[in-house]
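The values are calculated or read from the model by the stated rules, or taken from the named source; none is laboratory data. This is a predicted model, so every value here is computed, not measured. Note that each Cβ is placed from the backbone with ideal geometry, even for glycine, and that neighbours are counted across all protein chains shown.
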Amino acid sequence: MGSTKKTRIRRTSQEIEETLYKAAETIIGEHGYHGLSMRAIYHEANTEHAVFYKRFEDLNDFLEKFARRFDYWLNDSIKVDIKDNTVKNAQKIMSDLIDVLIDNPCIQKLLIWEMSENNYITQRTAQNRDNNCQNLTRYFMKGFKDCEVNFNHASSILIGGIYYIVLFRKMGTFNLIDYSEEEAIKELKETINIMVKRVFTDYDEATIKAKSANNEAVRIAKSLLKKDVSYEIVKETTRLDDKTLKGLQNSKE
């Protein structure tokens with residue numbers, strides 16, 4: 001009887017990388033990021049260390065690429081719709097952040113690791129997150145530049161609050177709300193939408209145009225009143241309300 005030779009299935013480079021990433025997910029799910037090491041990864045992936053080193057320089061390099069698969073701020077999936085105003089884009093990004101955090105235990109554990117351990121890797125992943133969002137941040141800074149509330153600080157408070165609520169939502173109620181419930185998450189999104197609108201709505205494009213038109217009408221009214229044009233003509237020309245016009249008239253006197 002002739003011997004049978006076992007055929008080895010060749011995997012593509014992409015399939016091998018996917019196996020290594022899946023192995024990391026398993027380890028993180030069981031032990032958190034503290035249990036992650038190069039040896040643990042290629043052992044869990046049932047492959048050799050040479051295979052790992054052929055694709056990644058070291059654990060830092062692996063983690064940086066691994067994080068891009070799960071981190072909302074690193075995976076380049078965030079898009080703003082230039083057809084929408086800045087407020088709507090901000091609302092969508094906050095809502096999507098909640099969904100991504102809830103659906104991805106890996107990013108939850110990464111954030112917890114960063115908050116609980118200060119080392120080169122956690123500093124790097126945290127800083128990469130901020131660096132990767134510079135263009136997005138500048139987009140909102142420009143859109144809300146005239147807002148009384150500083151966008152950077154206001155968005156930090158909102159994002160930080162989302163992190164806390166999602167990371168600890170299964171620990172118990174918070175302010176008498178059970179955020180492990182789907183209805184509570186829906187209400188959270190609705191509340192954040194209102195907060196974003198209340199904080200920044202006075203500075204969306206439509207309102208800016210309306211304010212600009214009103215300011216121009218006030219300028220014209222001041223000029224006409226200064227030239228002693230009759231109140232009725234000024235009102236008809238500028239379409240300003242009586243309260244505004246009488247205030248301008250009194251200030252003239």
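Quick rundown of the values:
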{"item": "Set Glu30, Glu44, Glu64, Glu48: member being at pLDDT below 90, of a type in the set (Asp, Glu) and over 17 Å from Trp113 (Cβ atoms)", "result": "Glu48"}
{"item": "Residue match in segment 108-116 (condition: more than 17 Å from the chain's Cα centre (by Cα), assigned by TED's automatic domain parsing to the domain that holds Glu187, of a type in the set (Ser, Thr, Tyr) and outside any loop (DSSP other than H, G, I, E, B))", "result": "yes"}
{"item": "Residue within segment 106-128 that is closer than 27 Å to Glu190 by Cβ and of a type in the set (Ser, Thr, Tyr) present", "result": "no"}
{"item": "Residue among Ile192, Ile233, Ile185, Ile220 that alone is assigned to a helix (DSSP H, G or I), at pLDDT 85 or above and surrounded by fewer than 13 Cβ atoms within 10 Å (Cβ to Cβ)", "result": "Ile233"}
{"item": "Subset of segment 110-121 [more than 14 Å from Leu74 (Cβ to Cβ) and free of Cβ contacts under 8 Å to residues at least 24 places away in the same chain]", "result": "Met115, Ser116, Asn118, Asn119"}
{"item": "Residue satisfying all of: in segment 70-96; surrounded by 15 or more Cβ atoms within 10 Å (Cβ to Cβ) and among the basic types (Lys, Arg); farthest from Tyr21 (Cα to Cα) among these", "result": "Lys88"}
{"item": "Segment 44-97, subset in a helix (DSSP H, G or I), over 19 Å from Cys133 (Cβ atoms) and touching a residue at least 40 places away in the same chain (Cβ under 8 Å), residue farthest from the chain's Cα centre (by Cα)", "result": "Arg55"}
{"item": "Selection count, segment 48-61, where residues are in contact with a Lys or Arg (Cβ under 8 Å, 6 or more places away or on another chain) and among the hydrophobic types (A, V, I, L, M, F, W, C)", "result": "1"}
{"item": "Search result, residues across segment 130-144 that are assigned to a loop (DSSP other than H, G, I, E, B) and either within 12 Å of the chain's Cα centre (by Cα) or without any contact (Cβ under 8 Å) to a residue 40 or more places away in the chain (or both)", "result": "Cys133"}
{"item": "Where Lys211 falls short, out of the listed (1) modelled with pLDDT of 90 or more; (2) surrounded by 10 or more Cβ atoms within 10 Å (Cβ to Cβ); (3) farther than 19 Å from Ile98 by Cα", "result": "(1)"}
{"item": "Close pairs (9 angstrom Cβ cut-off, 6 or more residues apart or separate chains): closer than 11 Å to Gln249 by Cβ in segment 218-234, charged (D, E, K, R) anywhere", "result": "Ala221/Lys235; Lys222/Lys252; Leu225/Lys252; Lys226/Lys252; Tyr231/Lys246"}
{"item": "Boolean, Ile112 is among the β-branched types (Val, Ile, Thr), surrounded by fewer than 16 Cβ atoms within 10 Å (Cβ to Cβ) and closer than 21 Å to Leu63 by Cα", "result": "yes"}
